[in-house]
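Nothing in this text is a laboratory measurement; each read-out follows from the coordinates by a stated rule. If you're wondering where the values come from, they're calculated on a predicted model, not measured in any experiment. A quick note on method: Cβ atoms are made from the backbone with ideal geometry, for glycine too, and the neighbour counts reach across all protein chains shown.
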């Protein structure tokens, strides 16, 4: 009755009723758009576009599905429209001329990847979903999704992350159940190829995670490359979107850190969390003016008692985590 009353008011032009009707789903819709697009900023743009389309299209809501499902239909198709556009964040050149990194192991393709703040994650999780909430927001999972063709990506997220039935997804995408099942089969194959082995990371905020993170922070802040490298797995990866440089394997990563972490460039790390993983704002100490300038955001992927990946994002991400651009 409450929903029906709100819908009646919203259809009559009551913006407050529309916001009350859609607000319970706003956060999860943003996460959905993020999985689809891999970019925090693009996800927010797609969400705003979807909510505007829902507001303008209320007369078209027939009540055959729930409000939630109707909003997911709109948001998914807005994301598919965005993916058809060529307007994605472009790769950037290495932006620290005083430091010369070694030749990378490869050039990354997913340069538009951005982190997602844990404080914005909705704790709700559909019991029909195949993937656990933590796994389904991890950087590795989101990155692997970006490699899939857009329609396969949408089907896999709707079916196996959100738990929608094939018939519901077919209706959302104006497709057939057979087409949805075929796309899901291909998406599973592609995801298994590009997704690293399922992690065995310690539980968030557990003593094991805290102990490993503290070792990483001590080594990084002390510019102790040897201690830092000792914490890494043999197949560790370092990436830094939108800069496409990637370093794979402990030896390559050791060479990279030896070139860019120096005793005359000390950093302070401020803890936060991104994508269900430990993360840190990095602040370069500058004795000349006493100001510590934010240089980026590090996100750690943990495997057992080691670090299996370090992803560095530029300092434009700091405000999303409530971190300042500089510290006294």
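Once R0 is set to 51 Å, what does the formula 1/(1 + (r/R0)^6) return for the Cβ-Cβ distance between residue 286 and residue 194, expressed as a FRET efficiency to the nearest 0.05?
0.80
Looking at the chain as a GNM with Cα springs under 10 Å, which of 261, 157, 74 has the largest mean-square fluctuation?
Between 261, 157, 74, it is 261 that shows the largest mean-square fluctuation.
Hey, what did the chain get for relative contact order, percent, Cα under 8 Å, at least 6 apart?
17 percent
Using only Cα atoms, locate the centre of the stretch 65-100 and the centre of the stretch 6-27, then give the distance between them in Å, rounded to an integer.
One Cα centre to the other: 26 Å.
Taking a label point 7 Å from the Cα of residue 221 along the Cα→Cβ vector, which residues of the stretch 263-289 have an amide N closer than 18 Å to it?
263-273, 278-287
Taking the stretch 207-327 as the region of interest, what is the percent of Cα-Cα pairs per 10 angstrom bin, listed from the shortest bin to the one with the maximum distance?
Reading the bins upward from 0: 14, 47, 35, 5, 0.
Rounded to the nearest 500, what is the 222 nm mean residue ellipticity of the chain from helices alone, with -39500 (n - 2.57) per DSSP H run of 4+ residues and division by all residues?
So the calculated ellipticity at 222 nm is -13500 deg cm²/dmol.
Order of 110, 291 from fewest to most other C-beta atoms within 10 Å?
Listed from fewest to most nearby Cβ atoms, that is 291, 110.
Over what distance in Å are the Cα centres of the stretch 164-228 and the stretch 251-315 separated?
21 Å
Using 0.36 nm per residue, how much length does the chain from residue 23 to residue 167 gain when fully extended, once their Cα-Cα distance is taken away?
Length gained between residue 23 and residue 167: 49.2 nm.
In whole Å and largest first, what semi-axes does the C-alpha gyration tensor of the stretch 107-243 yield when each eigenvalue is scaled by 5 and square-rooted?
Semi-axes from the Cα gyration tensor: 35, 17, 13 Å.
List the relative contact order of the stretch 1-68 as a percent without decimals, with contacts defined as Cα pairs under 8 Å and 6+ residues apart.
RCO, the stretch 1-68: 25 percent.
Taking springs between alpha-carbon atoms closer than 10 angstrom, which of 138, 308, 176 fluctuates most in the Gaussian network model of the chain?
Comparing 138, 308, 176 in the GNM, the peak value goes to 176.
Exposure proxy check: 7, 36 ranked by fewest other beta carbons within 10 Å?
With the fewest neighbours first, 7, 36 line up as 7, 36.
What per residue convex hull volume, in Å³, do the alpha-carbon atoms of the chain yield?
150 Å³
Hey, what did the stretch 207-327 get for relative contact order, percent, Cα under 8 Å, at least 6 apart?
Relative contact order for the stretch 207-327 comes out at 24 percent.
Most exposed first by the Cβ proxy, i.e. fewest other Cβ within 10 Å, how do 20, 168, 234 rank?
The most exposed by this proxy come first: 234, 20, 168.
Any chance you could give the angle, 0 to 90 degrees and rounded to 10, that helix 177-194 forms with the longest Cα principal axis of the chain?
0 degrees
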